[in-house]
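Working notes for the structure below.
The values are calculated or read from the model by the stated rules, or taken from the named source; none is laboratory data. Small disclaimer: the values here were computed from a predicted structure and weren't measured. Here the Cβ is made from the backbone with ideal geometry for all residues, glycine too, and neighbour counts use every protein chain on show.
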């Protein structure tokens, strides 16, 4: 089997063959550009299995556009309070100041954006229809339900980060941190400067650690060899445990001085397994994302999780 995914510490033991899925000769292709993986898999199914945008997968399943099936393995999860950026001169001091402003996004169906818009709507009472959205690229998949929102398509080659710095747009949100933020440009600031503490409070309140990506397999393979799903779930779980053990025993091997105290703090909030790989443990998070997708016009209605994830003894 050929699998395409990014290089995470949680998957490295599979990449370097310390862990091998039982019965599977897995060729793990490391592709660090997730959008490349997503488009190649969604449009051409170039791989036997791959990492995939969770939002795009759910959209494709809802429209019957794909013969892929997901397993409850979620290699990418990120809190997103720290990924909303504002032009320093736009007069944005709090979330409500976003109303009426022009906000740049990569694309509407991007999972990171779905989570951030849902968070703004439900945690800060921001009406998404009262924002002017500016989209940098065309959607990976088309869907008709976004007519209730004002979304301007930028010309090909436009750069929302440059537009944010120049003041052409007031704010932006996306999966990546603009270079200007990393370089501490006075032109940009975060909407939530104290984002880590807000993310801890958000998790304690909602019990949501946002999922970005899942893993999908060609259904044609699963029809012939249904055991493949269980083999991959087990392998990814074993690789994750190796990563956890490496972190726990790293000591002075890691160059970050306060790594141990940060890990202890994480345990207190998220427990010792913040990346669980079962459907039951992720049900609320998955159903919340679908609720946001319906509200944002991406899905027409929620789907049953058992219809879009392999239902095995590990995922019920």
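In table form, for the structure just shown:
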read-out: Qualifying residue in the range 242-258 (condition: in the same structural domain as residue 8 (by TED's automatic domain parsing), more than 23 Å from the chain's Cα centre (by Cα) and touching a residue at least 12 places away in the same chain (Cβ under 8 Å)); value: yes
read-out: Number of the exception - residue 92 against (1) at pLDDT below 95; (2) out of contact with any helix residue (DSSP H, G or I) (no Cβ under 6 Å at 6 or more places or on another chain); (3) in a loop (DSSP other than H, G, I, E, B); value: (1)
read-out: Pairs where the first residue, in the range 215-232, is within 16 Å of residue 26 (Cβ to Cβ) and the second is surrounded by fewer than 14 Cβ atoms within 10 Å (Cβ to Cβ), C-beta under 6 Å, 6+ apart; value: 231/22; 231/23
read-out: So residue 303, is it assigned to a loop (DSSP other than H, G, I, E, B), in the same structural domain as residue 227 (by TED's automatic domain parsing) and either at pLDDT 95 or above or closer than 22 Å to residue 71 by Cα (or both); value: yes
read-out: Conditions (1) closer than 28 Å to residue 63 by Cβ; (2) surrounded by fewer than 16 Cβ atoms within 10 Å (Cβ to Cβ); (3) out of contact with any strand residue (DSSP E or B) (no Cβ under 9 Å at 6 or more places or on another chain); (4) at pLDDT 95 or above; number of the one not met by residue 316; value: (4)
read-out: Filtered residues of the range 121-164 (kept if assigned to a helix (DSSP H, G or I) and over 22 Å from the mean Cα position of the chain (by Cα)); value: 129, 130, 162, 163, 164
read-out: Subset of the range 1-40 that is part of a loop (DSSP other than H, G, I, E, B) and in contact with a strand residue (DSSP E or B) (Cβ under 8 Å, 6 or more places away or on another chain) - its residue that is farthest from residue 238 (Cα to Cα); value: 31
read-out: Residue within the range 181-200 that is without any contact (Cβ under 8 Å) to a residue 60 or more places away in the chain and under 27 Å from residue 44 (Cα atoms) present; value: no
read-out: The one condition in (1) modelled with pLDDT of 95 or more; (2) within 30 Å of residue 168 (Cβ to Cβ) that residue 228 fails to fulfil; value: (2)
read-out: Elements of type strands (runs of 3 or more DSSP E) contained in the range 169-276, each with 3 or more residues being buried (at least 18 other Cβ atoms within 10 Å of the Cβ); value: 171-173, 211-218
